[in-house]
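Structure first, then comments.
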Amino acid sequence: MRFKLLPAVPDSLDRVEAAQRAVPLVPGTEDDCCARLMRRLDFPSRDVARTWLTFLRALELAAETDSGSFVRESTEPTPEHLRSAFEARVYGAREVLAALDDEEPQTVDEVFASFEERVPVWETHRAAGDWRDVWRERVERILEWAVLLDLAAERDGGYVREK
């Protein structure tokens, strides 16, 4: 399964570890988990907390149980693990990274242009008028996370692939 939701990129990967620690070891409801994330990390809204909870699931740092509760995984959020899970489980990460050259910087718009055909058709209907804006922002967030994870680098007004 690949996940679409990405929170805004934090200043460091320490925030990912702190978010994981905020997810309970004993399964809790989504509302309980979001309340804990908001309380412990000062997230401004439940939507932000829910996005982080989903992202933690993508990174295999939290899981949803069969009963719909959420629980912290014991996986250590090492940079290697985060890079691997990000590429494998975040929708668009592989494709965005594949669009990057390791020599010539690509702007967000150039990367989005190469990714645009991969936007699911139902998404273009759901957000009809502004779907390009929504998905361009997602591509930009993928690039920002890729930089934080040392999968990409910002250079000369664009992004290049880190090898």
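Every number here is computed from the coordinates shown, using simple stated rules; none is lab data. What you see is a predicted model; the values in this text were computed from it and never measured. Positions of Cβ are backbone-derived with ideal geometry, glycine not excepted, and every protein chain shown enters the neighbour counts.
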**Item:** Cα-Cα P(r), the stretch 17-87, percent of pairs per 10 Å interval
**Value:** 23, 55, 22, 0
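How large is the convex hull of the C-alpha atoms of the chain per residue, in Å³? Intermediate values should be presented prior to the final figure.
Numbers: hull volume 19.5 nm³, N = 163.
About 120 Å³ per residue, rounded to a whole number.
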**Asked** Picking from VAL90, VAL108, VAL26, which is most flexible by a Gaussian network model of the chain using Cα springs under 10 Å?
**Response** VAL26
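So if I average 1/r over every pair of distinct C-alpha atoms in the stretch 5-54 and take the inverse, what Kirkwood radius in Å does that give?
On the way: mean 1/r = 0.0925 Å⁻¹.
About 10.8 Å, per the Kirkwood formula over Cα pairs.
Hand me the GluC sites (Glu not before Pro) from the stretch 62-163 located in a DSSP loop with no more than 10 other Cβ atoms within 10 Å, in residue order please.
GLU103
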